[in-house]
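Everything on this sheet refers to the single structure shown next.
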Amino acid sequence: MNLTWMVRFGAICGVVLGLSLGVPGAVEAVTGETILTSFVIGLGAACGPPAVTAIYLGHAQAAGRFGAVAYAVNLIGLTLFAGLAFALNLVVFYLDKPVAEELLTGPTKAALGLSVLVFIVGSILFGISLIRARVLPAVPSWTYVIVFPLLAVLASLPDSVFTSAMHVVAAGCLIWLSAALWSSHEVAAPELVSTV
């Protein structure tokens with residue numbers, strides 16, 4: 001079985017995810033958070049798991065066991081964080097402030113904190129895996145290990161120009177990695193399958 005189609009699908013998802021982070025991030029630098037930007041970011045988060053899976057498949061041969069563990073932690077963290085982004089941008093955003101504050105206390109607050117922590121650890125491990133493997137471009141690999149944990153920390157703070165800038169940088173990282181996957185994976189996918 002050839003996994004090229006899966007990597008290509010994930011690369012497309014990576015571009016969509018990047019655009020869903022970067023375009024609203026750039027707009028929010030000027031307008032602040034809006035209904036439209038929240039909607040785009042919230043829905044775009046669904047493209048995260050296929051994008052990360054494709055990025056993993058693109059460097060799995062060189063990543064070894066560490067890369068597999070890093071991928072697993074990153075995938076779980078990303079899935080939790082995508083759910084968090086969806087809920088915050090498409091549900092909590094529309095609630096009155098006192099209702100939203102009450103909702104985000106107690107067990108919900110602990111679950112959100114745990115989700116963010118797993119996402120941060122997963123992003124750092126996966127970024128290190130990308131750097132160590134030296135298969136995909138170095139600049140977005142290093143950017144991954146820095147920007148995605150930073151985005152998780154910034155998610156709990158009020159929106160700012162810096163937050164918007166980090167969304168744009170994260171978008172560039174995802175789009176660059178996706179473009180590298182698209183152009184180089186034709187040969188790598190059959191090799192990966194033969195070792196599974």
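Cα centroid separation, segment 70-130 to segment 25-45: 17 Å.
Counting every other Cβ atom within 10 Å of each residue's Cβ, Phe162, Phe39 order from fewest to most as Phe162, Phe39. The base-10 log of I(q)/I(0) for segment 71-156, evaluated at q = 0.11, 0.25 Å⁻¹, reads -0.35, -1.17 [Debye formula, identical scatterers on Cα atoms, solvent excluded]. If a spin label sat at a point 7 angstrom from the Cα of Leu19 along the line to its beta carbon, the backbone N atoms of segment 37-80 nearer than 14 Å would be those of 40-41, 44-45, 47.
Compared with the direct C-alpha span, the chain from Leu114 to Trp5 gains 35.9 nm at full extension, assuming 0.36 nm per residue. For the Cα trace of the chain, dividing Rg by the Kirkwood Rh returns an Rg/Rh value of 0.99. Consider all pairwise Cα distances in segment 1-67 and report the whole-number % of them above 17 Å. Result for the distance tail: 51 percent.
Each reported figure results from applying straightforward, stated rules to the coordinates on display, with no laboratory input. Here the structure is a predicted model, which means the values were calculated and not measured. Note: ideal-geometry Cβ built from the backbone for every residue, glycine included; neighbour counts use all protein chains shown.
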